[in-house]
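To start, the structure itself, in structure tokens.
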Amino acid sequence: MKLTKVALVLTLIPCLGLIACAQQAGQQETVDMEALIAAMADIEAAWKQAYERGDAAALASLYAEDAIYLAPYMDAIRGRSAIEARVAETVGMMSERRITIARADAGAAGDLAYGIGTYVLEMRMPNAPEPMSDNGKYITIAKLGADGSWQIYAHIWNTSLAEADVVQMLSAMSGMGNM
């Protein structure tokens, strides 16, 4: 009888451990959505300001060192310094730029957060007689750094313009080279 009770206890102890682990794995960290929304709004505002000023260094500082930038019509750009160089090239072709960003959704799990939305870009090219505009959608994934701040880890955006409009815009952006 004693041996049966000991065997039962030895069998139940690992099971209790597995149940506890399963319960822990099923629990997700709660995210302070108000703080997350505020952080995403801060990133968007800083991004917009830097972009409109044509400040590639300030814009790139919002990205993690290992960030990935996925713009249309080009290969993925990896790393903060490569993102800075590409943004500098792009904004350098515009004499003026204004962007409106409208976030439609945001959320987080653990140390990753996302923002999904749309944009409208108004720009003037030095060699184009009229202002040009673009509109599209984006997804931004941010990761929480060791210092507690959010940085953009992955950013993809795509135009919603018709192909003919894109061709016209690209022809005005002479010098884009590998776009």
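At a glance:
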| quantity | calculated |
| --- | --- |
| Highest to lowest packing among 41-48, 145-152, 55-62, scored as the average C-beta count within 10 Å | 55-62, 41-48, 145-152 |
| Three-way shape label, the stretch 30-70, alpha-carbon gyration tensor, a/c 1.5 | oblate |
| Local electrostatic count at Gln151 - Lys and Arg +1, Asp and Glu -1, tallied over other residues with Cβ under 15 Å | -4 |
| Positive minus negative residues near Met94 (Lys, Arg vs Asp, Glu; Cβ under 12 Å) | -1 |
| Built amide H within the under 5 Å cut-off of Tyr63, gap 5+ | Ile152 |
| Qualifying trypsin sites (Lys or Arg not before Pro) for the stretch 107-172 [loop in DSSP, other Cβ within 10 Å: at most 13] | none |
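No lab work stands behind these numbers, since they all come straight from the coordinates. What you are looking at is a predicted structure, and each value in this text was computed from that prediction instead of being measured. Note: ideal-geometry Cβ built from the backbone for every residue, glycine included; neighbour counts use all protein chains shown.
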